[in-house]
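Data block below; observations after.
Quick note: the coordinates plus some simple rules give every number you see, no bench work behind them. Here the structure is a predicted model, which means the values were calculated and not measured. All Cβ positions, even for glycine, are placed from backbone atoms using ideal geometry, and neighbour counts span all protein chains on display.
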Amino acid sequence: MDDLRDASRSLTEPVAEIVERAGLTPNMLSALSLCFSFLAFLFYCISASDHRMLFAAAIMVMLNGTADAVDGALARRMGYADRRGDLLDHVIDRYSDVLLLSGVIFAGYVRWEIGLLAVVGVLMTSYIGTQAQAVSLRRCYGGMLGRADRLVFIIIATLANAIYPERIDGLHILGWMVLITMVLSHITAIQRFVHIWRCLGR
């Protein structure tokens with residue numbers, strides 16, 4: 001389950017209050033989260049020749065996750081929670097997901113075939129979760145590996161790879177992260193599909 005989503009709310013609300021005082025809007029935060037993911041992509045690519053850049057990549061992923069978490073809390077505080085904001089948030093999240101994984105793939109930490117399957121799994125997980133709304137159900141966040149869990153996994157793997165850049169059984173730590181993400185994302189997509197299917201049959 002995407003348990004970190006609920007646990008983070010006690011932290012995001014105070015941050016949202018600070019951001020509101022600074023004059024930022026939810027859409028500005030969403031745009032910033034995309035900028036952070038693009039910078040992470042660049043740092044991952046550069047890390048192919050200098051693994052120390054992975055520390056910078058990890059920071060960008062953290063900032064991406066923070067901005068993504070706080071924009072929703074800020075929207076609720078400011079009364080800006082609407083369908084356009086929700087659409088923008090989800091589109092940016094998907095671009096961010098692709099950028100983060102693509103950075104790891106382009107840097108050569110994992111074979112592109114595995115990376116492609118991981119990207120497909122991540123996108124299908126999100127698609128099936130939101131598709132529940134298209135069939136008049138609530139959005140589905142369940143399953144083994146939600147976005148919040150995935151971001152934490154990426155951050156930990158990135159820092160671990162920066163500290164220990166050697167291969168383990170043929171793969172870098174980031175390579176193992178992508179491989180595990182590939183497997184768990186497809187399992188999560190199936191879990192969400194089965195849950196929605198059963199709900200439609202009731």
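Taken along the Cα-to-beta-carbon direction at a fixed 7 Å, the label points for residue 167 and residue 127 span 3.3 nm. Between 111, 21, 77, where does the largest GNM mean-square fluctuation fall for the chain, given springs only between Cα atoms within less than 10 Å? Per the Cα network of the chain with a 10 Å cutoff, 21 tops the list. Taking other C-beta atoms within 10 angstrom as a stand-in for reagent exposure, 12, 188 fall in the order 12, 188, fewest first.
Average 1/r across all pairs of distinct alpha carbons in the chain, invert it, and you get the Kirkwood radius: 17.4 Å. For the pair residue 106 and residue 183, a Förster radius of 30 Å applied to the C-beta separation gives a FRET efficiency near 0.90, rounded to the nearest 0.05. Once the Cα-Cα distance is subtracted from the 0.36 nm per residue extended length, the residue 25 to residue 152 segment shows a gain of 43.2 nm.
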